[in-house]
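The structure appears below as C-alpha cells.
The values are calculated or read from the model by the stated rules, or taken from the named source; none is laboratory data. Computed from a prediction, not measured in an experiment: that's the story for all the values here. Cβ placement follows ideal geometry from the backbone for every residue including glycine, while neighbour counts extend to all protein chains displayed.
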Amino acid sequence: MPSLSSNSHRAVGYFRVSTVSQSMERHVSLETQAERFASYCQQCNLVAVKTFTDTDTGRKDNRKEYQSMLRFLEDKTADLVIVQYLDRFGRNPKEILRRIWALQEVGVTVCATDEDIKEELILLVRAGLAGAESKKTSARTKANMRRAVAKGAHVGRVPFGFDGIRKICRDGKARYAEFVPNPTEAGTIRKMYELVAKHNLGYKAIADRLNDMGCKTKDGKLFESGTVRRILGDAAIKGTLVYGKRPRPEYKGDELIVIEKFFPTILTEHEWAEVQSRIAIRRDKHYHGRALISGFLLSGLARCGYCGGSMVGKTNRMPYGVYRRYLCRNALAARLKCPHANGHKAELLEKTVLEKLGGYSNRERTLKLLARLPPGKRDIENGNLGKDLKDCEREFDIHLRLLKEGRISDEQFSLANEPLRKKYEILLRRRKELEEEAQHHDKLQAWRRDMASKLSTFTEDFESLPFQQKKAKLIWCVSEIRVFKDKPVEIHLRDVPIPPVR
C-alpha cells in the first residue's frame, strides 16, 4: 500500500445501505459513511475525487453504482477506494477478495476507515465475517417470519382455492386475517381430485382436461402440468398450513411449521391421502403411458417370473372368436431373451389374481402379514449421537474460552475447530437421517393399517367400479405380479408410505 502521507493519492468513496433509512448498531448510515470518508481523506491528506452510493443488499454484486465505480477505476483515475467497513464493499467473501486483488493489480488499494485490512489473512477473516453477517441477517429475518407463522399469521401468496380477507393490524398494515373458499377454484380442485383418484390421470392430462373445461389459474392463465403439481402438493387444500418446506442447512432447528385447520377444508384427509398415494405410484416407471390406459387389467403390473420382462396384452381376432392373452415382451422380441414362451389367457390370469387378493379379506391376518418390526439399533445409536454432539460442544467451548483469554490466536482457534466442525456436521446429518427413518417407519405402519382395511373389502368394492377405476384401485394396492407357467402367481403388495409434504 502506498504511503498515505503523500498528497498525490486520489481517493474514491463507496457508500452502501440496504435501505434508505438504515442506521444499524454500527452506525453505517449514508451520512455516517460520508463523514468517515471526508475525515479519513483530511487526516491522510488524500484528494477525494468521486463518491459512489448504492441502496441495495450487499449480497448482490451487480449493484449499479458499484459497477460504475469499477468501470471508473479501470481508467486509473484513482489510487484508493475508501469504505467504512468491509461489509459495505460486499457481503460475498469470494467476491470481496477477487475484486480487491483485481484492483491491486491495476494499482488501486481498498481501505476501511474503521477496520484494519492490511494483512491478507486478516482480510480473509474479515471477508468471512462479512459473509457470516449477511447469513445472520437473513437468519434473523427468517426467524421473525417463522415466529409470525407459528402465531397464526400467513406469509406469502393466497393459495389456489381460497380468497384472503385483509384487516388492518395494530402497526397500520393490512394483512390476511381470514381465508374463505373461492367457489370456482375450490370446484377446480374437486375436479382435479376426481381426475386423479377416479380416472388415474397424470399432471399433463389433468391440465389438458381443465383447459378444455375452461378452468383458469388464479392469475387467469391456462393450466400447465407444473401448476397442477403445485396445487395438488399444497397441504392447504386439506386445510393445513405448512411453512418451511425447503429448510437450509445454515438455519438450525428449521423444522416444518404445521398448523392444522388453518384454511377451510376443500379435500378431506382421506381424499388428500389418496391423491398423494396415487401421485407417488405414478412416479414408478412401470405405470406411465399405455400401461395406464390399456384395456388389459394387469398391464404395468404383470411381469414374467423368469426374465422379469413385462407381460403385455395381445388381442387376436379370429373368425370364430376373440382371444386375449398376456405374453412376455422379451419372449416376443427374441427367444434368447426369454426361452419360456410365457403366455396366459387374460381372463384366467385376471381371475386368479383377483381371487388371490380376495384371500386378504381377514383384516387381522392381513395386518400381521404386513407388519414389520422397527430396527432395534435406532434408539441406541440416537443416544450415542447425543453424547458425541455434547462432547463436540464442550470441546468447542474450551477453545472459545482460550480465545477470549488470549491464550490462542484467531488462526489457532480456526485450525483447532476445523476437524471438530466437520465431525459435528457429520453427527448432525446422521441424527437427521435417524429422525427421518423414524418418521418413515411411522408412516409406513399407518399405510399398512390402511392397506389392510382396504384389502379386507377389496373384492366387494372392486366389482362395482368402472374398468378404469378398477385398474387404478389395483395399481394402488399391488406393486408387481410375477407370472410363471409352472407355479402360482406371486403378488407383491405395494409397500410405499404416503410421501411427505414438499
>> Under 7 Å between Cβ atoms, which residue pairs at least 6 apart in sequence (or on different chains) link something in the stretch 76-96 that is part of a loop (DSSP other than H, G, I, E, B) and crowded, with 20+ Cβ neighbours inside 10 Å with a partner that is modelled with pLDDT under 80 and aromatic (Phe, Trp, Tyr)?
In response: none
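Is it the case, given these coordinates, that Leu385 is modelled with pLDDT under 80 and more than 27 Å from the chain's Cα centre (by Cα)?
no
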>> I'm trying to understand the selection: among the residues of the stretch 308-331, which are buried (at least 16 other Cβ atoms within 10 Å of the Cβ) and among the hydrophobic types (A, V, I, L, M, F, W, C)?
In response: Met311, Val312, Leu327, Cys328, Ala331
>> I'd like the full set of residues that are among the acidic types (Asp, Glu) and under 32 Å from the mean Cα position of the chain (by Cα), limited to the stretch 443-477.
In response: Asp450
> Under 6 Å by Cβ, and 6 or more places apart or on different chains, what pairs join a residue from the stretch 426-437 that is in a helix (DSSP H, G or I) with one that is among the polar types (S, T, N, Q)?
Replying inline: Leu434/Asn382
> Which number in (1) polar (S, T, N, Q); (2) buried (at least 16 other Cβ atoms within 10 Å of the Cβ); (3) within 19 Å of Thr366 (Cα to Cα) marks the one condition that Asn417 misses?
Replying inline: (3)
>> Can you find, within the stretch 477-502, the residue that is modelled with the lowest pLDDT among those that are within 20 Å of Lys351 (Cα to Cα) and in a loop (DSSP other than H, G, I, E, B)?
In response: Arg494
>> For His440, only one of the following conditions fails: (1) more than 17 Å from Glu274 (Cβ to Cβ); (2) within 33 Å of the chain's Cα centre (by Cα); (3) at pLDDT 80 or above. What is its number?
In response: (3)
> What's the number of the condition Gln468 fails, among (1) in a helix (DSSP H, G or I); (2) touching a residue at least 12 places away in the same chain (Cβ under 8 Å); (3) within 25 Å of Leu367 (Cα to Cα)?
Replying inline: (3)
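Please state which one of Glu418, Glu364 is acidic (Asp, Glu) and at pLDDT below 80.
One residue alone meets the criteria, Glu364.
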> Taking the stretch 455-465 as the region of interest, how many residues are among the β-branched types (Val, Ile, Thr) and either touching a Cys at 6+ places or on another chain (Cβ under 9 Å) or not in a helix (DSSP H, G or I) (or both)?
Replying inline: 1
>> Take the conditions touching a residue at least 60 places away in the same chain (Cβ under 8 Å) and surrounded by fewer than 15 Cβ atoms within 10 Å (Cβ to Cβ) and apply them to Asp461. Does it pass?
In response: no
>> Could you check the stretch 314-340 and list, in sequence order, the residues that are of a type in the set (Phe, Trp, Tyr) and in contact (Cβ under 8 Å) with a residue 60 or more places away in the chain?
In response: Tyr326
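Restricting attention to the stretch 306-328, report how many residues are more than 24 Å from Lys470 (Cα to Cα) and within 45 Å of the chain's Cα centre (by Cα).
3
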